[in-house]
Amino acid sequence: MSGAASLQAVLFDLDGTLADSAPDLVAALATLCAEIGHAAPDPVAVSRVVSAGGRAILRCGLTGFDETRIEELLPRYLDLYAQRGNASTHLYPGIDDMLRDLEARGIGWGIVTNKVGWLATPMIGQLGLEGRCGALVAGDTLATRKPDPAPVVLACNLLDADPARTLFVGDDLRDIEAGRAAGTRTIAAAWGYLNGGDPRDWGADAIADDVAALRSCLHPDRDVR
């Protein structure tokens, strides 16, 4: 990619990249713990693994539980999370302005998330992104999820974008692996949850420490390296 001026599309992970959803996910886990008589979760520890999904959240908060019990409790946890209605979830500061800048420049954007569609769709609506997001590929849209490249390829197709002229931005190693395998350029969102990892080890084409740095990466005169 010769520079951001040649961009056709930008794809984003959802939780930990566009939106801070950890408060609602932690609160739902706290409610579940109270229901089953388990100690309250450590909110800081749980927040770090949010991008790894519901099972990782339960493993973090429900110490000592085996995988069978985790699977049994997952549906109830997701129901409790859905019932909260994204009450405390919000876009990270600067994200909305950054998306509006892309829209003004005619650059399509979409979301590729491992969050299931029945949770992702209402969240996007409450964040004010419905009708603006050109493609949503959720965790149950296809038979495979990130780090498989298929969801990223599908999002590019929905946006009618060449993967080689697309950027994928995410806060988890799986995002970078999926984007790279799909043929996109990749940016690690270092402001996200990171799942305990160091984005410098992920092999991304660029690392953005904050949303302002991401906007700089997307500037028309700047090469993404």
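The values are calculated or read from the model by the stated rules, or taken from the named source; none is laboratory data. Values in this document were obtained by computation on a predicted structure and should not be read as measured data. When we count neighbours, we look across all protein chains shown, and the Cβ atoms used for this are built from the backbone with ideal geometry, even at glycine. These accessible areas exclude ligands, DNA and RNA; they are computed on the full protein's heavy atoms, side chains included. Shrake-Rupley method; radii C 1.70, N 1.55, O 1.52, S 1.80 Å.
Yes or no: region 119-129 includes at least one residue that is in contact (Cβ under 8 Å) with a residue 12 or more places away in the chain, among the hydroxyl-bearing types (Ser, Thr, Tyr) and within 30 Å of Val10 (Cα to Cα). Yes, region 119-129 contains at least one residue that is in contact (Cβ under 8 Å) with a residue 12 or more places away in the chain, among the hydroxyl-bearing types (Ser, Thr, Tyr) and within 30 Å of Val10 (Cα to Cα).
For region 157-213, filtering for residues that are touching a Gly at 6+ places or on another chain (Cβ under 9 Å), assigned to a loop (DSSP other than H, G, I, E, B) and of a type in the set (A, V, I, L, M) leaves 3. Scanning region 126-156 for residues that are part of a helix (DSSP H, G or I) and either among the charged types (D, E, K, R) or touching a Phe, Trp or Tyr at 6+ places or on another chain (Cβ under 7 Å) (or both) yields one hit, Val152.
Evaluating Ser6 against the criteria (1) open to solvent by 50 Å² or more (accessible area, probe 1.4 Å); (2) closer than 23 Å to Gly110 by Cβ; (3) of a type in the set (S, T, N, Q) leaves one unmet condition, (1).
Taking interchain pairs and intrachain pairs at least six residues apart, which have beta carbon atoms under 6 angstrom, with the first residue in region 185-214 and closer than 12 Å to Thr17 by Cα and the second open to solvent by 50 Å² or more (accessible area, probe 1.4 Å) and not in a helix (DSSP H, G or I)? Close Cβ pairs (under 6 Å, with a partner that is open to solvent by 50 Å² or more (accessible area, probe 1.4 Å) and not in a helix (DSSP H, G or I)) amount to Ala188/Ile207; Ala190/Ile207; Ala190/Asp209; Trp191/Asp210. Checking each residue in region 26-37 for being closer than 13 Å to Leu78 by Cα and open to solvent by 10 Å² or more (accessible area, probe 1.4 Å) picks out Val26, Ala27, Ala30, Thr31. No other residue among Arg69, Arg76 is open to solvent by 70 Å² or more (accessible area, probe 1.4 Å), over 25 Å from Ile111 (Cβ atoms) and more than 24 Å from the chain's Cα centre (by Cα) apart from Arg69. Considering only residues in region 172-189 that are open to solvent by 30 Å² or more (accessible area, probe 1.4 Å) and hydrophobic (A, V, I, L, M, F, W, C), the one that is farthest from the chain's Cα centre (by Cα) turns out to be Ala181.
Residue-by-condition table, conditions (1) buried (at least 17 other Cβ atoms within 10 Å of the Cβ); (2) closer than 22 Å to Ala82 by Cα; (3) touching a strand residue (DSSP E or B) at 6+ places or on another chain (Cβ under 6 Å):
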| site | (1), (2), (3) |
| --- | --- |
| Thr121 | no, yes, no |
| Leu127 | yes, yes, yes |
| Glu130 | no, yes, no |
| Thr144 | no, no, no |
| Leu159 | yes, no, yes |
| Pro199 | yes, no, yes |
| Val211 | yes, no, no |
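Within region 44-71, the set of residues being out of contact with any helix residue (DSSP H, G or I) (no Cβ under 6 Å at 6 or more places or on another chain) and part of a loop (DSSP other than H, G, I, E, B) comprises Gly53, Leu62, Thr63, Gly64, Phe65, Asp66. Close Cβ contacts (under 6 Å, 6 or more residues apart or on different chains) running from residues in region 11-23 that are at positive phi to residues that are surrounded by 24 or more Cβ atoms within 10 Å (Cβ to Cβ) and in a strand (DSSP E or B) are absent. Asp101: charged (D, E, K, R) and either in a loop (DSSP other than H, G, I, E, B) or closer than 15 Å to Ala9 by Cα (or both), yes or no? When the stated conditions are applied, Asp101 passes them.
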